[in-house]
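Enquirer: Can you read through this structure? Questions will come right after.
Since every read-out is calculated from the coordinates, none of them should be taken as a lab result. Model, not experiment: these values are computed from the prediction. Here the Cβ positions follow ideal geometry from the backbone for every residue, glycine too, while neighbour counts run over all protein chains shown.
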Amino acid sequence: MSGNKILYHYTDFNAMRGIVSNGEIWLWNLRRMNDSQEMQYYIKELKVAVKKQLPESLHDKTDLLFEENLKDFDSLSSYASCFSEYADDAAQWARYGKNGMGVCIAFDMELLSKIGEASHTPLCKVNYNANVEESEIVKQLSDMIKRMADGVSEDEADEVRELFHNLVNSSPLFKHPSFISEKEYRLVSLPGEKECLGKPHFYIEETNIKKYFILNLRDVGKKLGIEYVDLFKEICIGPQARVTKDILADYFIDAGVRDLADKITISECPLRRF
């Protein structure tokens, strides 16, 4: 499982059924995923970087500017489905593939990107850079705060709103550097624009309820002239999975996606289940 234009989605067989048979992939709330700093990390690091560009006398003004323009930020969520650049990777199997008992779906990156763009959930690469000091928005914010020291004009107020709007929309695309091994891409909705995703759905567990949105890959692909089976490059059975290649092939044939039966592979990862 290799190639420069393939992305890998590690999951369980039930979720695979939803993707393959129903044509659906689910988008989950980033604030409820395994990184406790999701969407917060970038903004926190950005404020630190801006303060480094300013005299200490303007630090309180910087804090106030962030506070005033991010009042609703904690109530905003971004929903995403996640992919990795890594094929048959032990860490991905352990973390997202049911400890190797699940499956890895290899997607054609170009086709997935087209579907994402058409669905208002663009396919984006996650940034793990620990140093945001060189980013353009840091310079823009620090320059603006210096100009605003003597008051804010109407034009500057509009500029402030635009900058913070861009900042919020960028927040789902940054993660703490300790997650760099995931090499992640995301089909991701912009914060505050869930209406583009349609109605929410709810996944009921014994002790929890999770909200998610559905992206119908098959329907969107059909409108774009994409053959659904072309979206999939391989279906890799996990190293600890009980499912055999023959059973999975029979399932694909029964589900009306016979061509996928020829795309099944078996993981070569020697993952040990503890």
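Enquirer: In the list Ala91, Ala80, Ala106, which residue meets the criterion of being in contact with a Lys or Arg (Cβ under 8 Å, 6 or more places away or on another chain), within 29 Å of Ile43 (Cβ to Cβ) and either surrounded by fewer than 23 Cβ atoms within 10 Å (Cβ to Cβ) or not β-branched (Val, Ile, Thr) (or both)?
Expert: The conditions single out Ala80.
Enquirer: Between a residue in segment 47-63 that is farther than 13 Å from Ala149 by Cα and any residue that is of a type in the set (A, V, I, L, M, F, W, C) and not in a helix (DSSP H, G or I), which pairs come within a Cβ distance under 7 Å, given they are 6 or more apart or on different chains?
Expert: Ala49/Val132
Enquirer: Then there is this: Can you go through Glu268, Glu162 and tell me which one is part of a helix (DSSP H, G or I) and surrounded by fewer than 17 Cβ atoms within 10 Å (Cβ to Cβ)? Quick ask: steps written out before the conclusion?
Expert: Numbers: Glu268 fails: part of a helix (DSSP H, G or I).
Going through Glu268, Glu162 in turn, the sole match is Glu162.
Enquirer: Restricting to segment 100-129, what's the tally of residues that are touching a helix residue (DSSP H, G or I) at 6+ places or on another chain (Cβ under 7 Å) and over 21 Å from Asn169 (Cβ atoms)?
Expert: Total satisfying the criteria: 7.
Enquirer: From the list Lys233, Lys199, which one is within 30 Å of His165 (Cα to Cα), in contact with a strand residue (DSSP E or B) (Cβ under 9 Å, 6 or more places away or on another chain) and not polar (S, T, N, Q)?
Expert: Testing whether each residue is within 30 Å of His165 (Cα to Cα), in contact with a strand residue (DSSP E or B) (Cβ under 9 Å, 6 or more places away or on another chain) and not polar (S, T, N, Q) leaves just Lys199.
Enquirer: Of the residues that make up segment 45-54, is at least one in a strand (DSSP E or B) and closer than 30 Å to Lys139 by Cβ? Steps first, answer last, please.
Expert: First, pick out the residues of segment 45-54 that are in a strand (DSSP E or B): none.
No, segment 45-54 contains no residue that is in a strand (DSSP E or B) and closer than 30 Å to Lys139 by Cβ.
Enquirer: Which condition from (1) of a type outside the set (S, T, N, Q); (2) surrounded by 14 or more Cβ atoms within 10 Å (Cβ to Cβ); (3) over 16 Å from the mean Cα position of the chain (by Cα) is the one that Val168 breaks?
Expert: Looking at each condition in turn, Val168 falls short on (3).
Enquirer: Next question. Taking segment 202-244 on its own, how many of its residues are under 24 Å from Ser113 (Cα atoms) and free of Cβ contacts under 8 Å to residues at least 40 places away in the same chain?
Expert: Going through segment 202-244 one residue at a time, the tally reaches 4.
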